[in-house]
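Undergrad: The structure is given below, and queries will be raised subsequently.
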Amino acid sequence: MKKQLLLLSFAVCLFLGSQSTFAQAASNVQNQAYSSEATPKMRAMRVIETFSRRTDVSAEQKDAIITLFNDNQRKYSAIATLEDPKQKVEKEAKMQVYIDKQLKGILTEDQFGLYTKSKL
């Protein structure tokens, strides 16, 4: 009886450990989309996903968003290579203002409002 109880408790611990490992892996994938080293496609898909849940996004808007982030890939790469953290934060903020300005021209007013709310 003790052996069975010990074996059962070992199996439960093993199962719980594997579940937490999978949960952490999924969380890391989500965090990659928000990091400064995220690819342009990941950034664009994050923006598109934000709208797809709440409102319709046309194919033209999707293409324009993806193009916007692809066109700015070189700038994102340059920011990621900066050594000075203060300068890096400053450049990221400027880049975010530029991206917001471009997205405002692509999205409707309602969609842009959802985008700004989702950033907070």
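The values are calculated or read from the model by the stated rules, or taken from the named source; none is laboratory data. Just so it is clear, the model here is predicted, and its values are computed rather than measured. Ideal geometry is used to build each Cβ from the backbone, glycine not excepted, and the neighbour counts take in all protein chains shown.
Undergrad: For segment 65-94, give me the residue count where each residue is within 15 Å of T39 (Cα to Cα) and part of a helix (DSSP H, G or I).
TA: Summing the residues that are within 15 Å of T39 (Cα to Cα) and part of a helix (DSSP H, G or I) in segment 65-94 gives 16.
Undergrad: Could you tell me how many of the residues in segment 57-72 are over 14 Å from M45 (Cα atoms) and not acidic (D, E)?
TA: Within segment 57-72, residues that are over 14 Å from M45 (Cα atoms) and not acidic (D, E) number 1.
Undergrad: Six or more apart or on different chains, Cβ under 9 Å: which pairs go from a residue in segment 3-14 that's part of a helix (DSSP H, G or I) to one that's modelled with pLDDT of 70 or more? Could you list them?
TA: No pair meets every condition.
Undergrad: Which residue is nearest to P40 (Cα to Cα), if the candidates are limited to segment 73-109 and must be exposed (fewer than 14 other Cβ atoms within 10 Å of the Cβ) and polar (S, T, N, Q)?
TA: Q73
Undergrad: Ok, one more. Which pairs turn up if I take residues in segment 103-120 that are β-branched (V, I, T) and look for partners that are surrounded by 12 or more Cβ atoms within 10 Å (Cβ to Cβ) and assigned to a helix (DSSP H, G or I) with beta carbon separation below 9 Å, at least 6 apart in sequence or on another chain?
TA: Here the result reads I106/Q61; I106/A64; I106/I65; I106/L68; I106/F112; T108/Q61; T116/D100, each pair linking segment 103-120 to a residue that is surrounded by 12 or more Cβ atoms within 10 Å (Cβ to Cβ) and assigned to a helix (DSSP H, G or I).
Undergrad: Okay, moving on. Among (1) loosely packed, with under 13 Cβ neighbours inside 10 Å; (2) at pLDDT 70 or above; (3) not hydroxyl-bearing (S, T, Y), where does R43 come up short?
TA: (1)
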